[in-house]
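The values are calculated or read from the model by the stated rules, or taken from the named source; none is laboratory data. The model shown is predicted, which means the values in this text are computed figures rather than measured ones. Methodologically, a virtual Cβ is constructed for each residue, glycine included, from the backbone with ideal geometry; neighbour enumeration extends over all protein chains shown.
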Amino acid sequence: MAYKGKVEYAEERKMRTRNTRLYRSLHWPIWIFVFFLAPGPLTFSLFAHGFSLGNSLWLGAVLVGTGIALVRGKVPGGEPGPYILRFDEDRPNPLYRKLCYSFAWTAVLSYALLNLVGLIIAAVTGVWQMKQIFFYAYPPLALAILTLGALGKLPRVGPSTRNEGTERRYFYGSVWAVTAAETVLLILWKTLPIDGVTSWVKLGVYVFVLALMGLFASRGLLPRTRPILPGESMVAD
């Protein structure tokens with residue numbers, strides 16, 4: 001099916017050759033969040049019981065690791081200058097981009113899928129098994145996604161940056177959809193009682209928000225979800 005949404009043209013985008021310190025520093029919280037979510041069972045215990053010693057130690061390690069990477073320009077958006085200047089250029093995709101985006105895909109896909117499974121089980125059986133799901137299903141699922149990333153089979157983690165103009169929209173579209181759905185789900189989890197009716201409500205709303213945001217992203221209606229047609233040398237955010 002032909003794409004009928006909004007597009008951007010590379011030659012119309014503002015050109016820059018350097019990233020400001022503010023621009024670079026604003027990407028630090030993003031990668032802190034991505035890697036902080038990496039140990040799924042530990043993150044589940046955070047939402048279930050609050051900050052523990054394990055959460056604190058892991059957060060400290062993530063702060064140090066991502067901080068060093070940021071200073072060295074080894075996280076996406078934290079480089080002294082943009083790495084991608086032409087959206088059709090066949091440039092090698094650096095290892096740090098592959099690593100960061102592989103973990104970002106893990107955070108996006110794992111939590112979205114496992115929460116969906118947990119909601120379906122709760123709605124159908126009336127039993128919440130989120131703890132068991134995250135403790136037993138998260139590690140193999142995360143490993144599978146990271147393996148796909150290592151093999152270059154996910155958007156933005158391939159060996160080349162040639163398809164960046166379209167792959168970026170798949171990534172940001174997924175982030176928009178999952179972030180919105182997870183935020184709404186958290187609000188419902190905190191405000192609604194736990195019973196058979198509200199389980200179906202949470203499931204229905206969660207799926208609806210995922211689908212709605214996915215539709216908006218597919219039409220290029222959300223920031224960074226429009227395909228960029230190649231042309232002159234331009235910057236990829």
| task | Could you look through the range 85-128, keep only residues that are within 20 Å of the chain's Cα centre (by Cα) and outside any helix (DSSP H, G or I), and pick out the one that is surrounded by the fewest Cβ atoms within 10 Å (Cβ to Cβ)? | result | Pro94
| request: Could you tell me whether any residue of the range 196-208 is farther than 21 Å from Ile30 by Cβ, among the hydrophobic types (A, V, I, L, M, F, W, C), modelled with pLDDT of 95 or more and crowded, with 20+ Cβ neighbours inside 10 Å? | output: yes
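Output yes when any residue across the range 174-186 is over 18 Å from Ser110 (Cα atoms), of a type in the set (Asp, Glu) and touching a residue at least 60 places away in the same chain (Cβ under 8 Å), and no when none is. Spell out how you get there, then give the answer.
Pass one, the range 174-186, residues over 18 Å from Ser110 (Cα atoms): none.
Looking for residues that are over 18 Å from Ser110 (Cα atoms), of a type in the set (Asp, Glu) and touching a residue at least 60 places away in the same chain (Cβ under 8 Å), one finds none in the range 174-186, hence no.
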| Does Val178 fit the bill of being β-branched (Val, Ile, Thr), touching a Leu at 6+ places or on another chain (Cβ under 9 Å) and at pLDDT 95 or above? | yes
| field | Unmet criterion (only one of (1) modelled with pLDDT of 95 or more; (2) farther than 21 Å from Leu46 by Cβ) for Glu164 | value | (1)
| note | Among (1) surrounded by fewer than 18 Cβ atoms within 10 Å (Cβ to Cβ); (2) not in a helix (DSSP H, G or I), Pro155 falls short only on (1)
| remark: Scanning the range 47-81 residue by residue, those touching a residue at least 24 places away in the same chain (Cβ under 8 Å) and buried (at least 18 other Cβ atoms within 10 Å of the Cβ) turn out to be Val62, Thr66, Ala69, Leu70, Val75, Pro76, Gly77, Gly78, Glu79
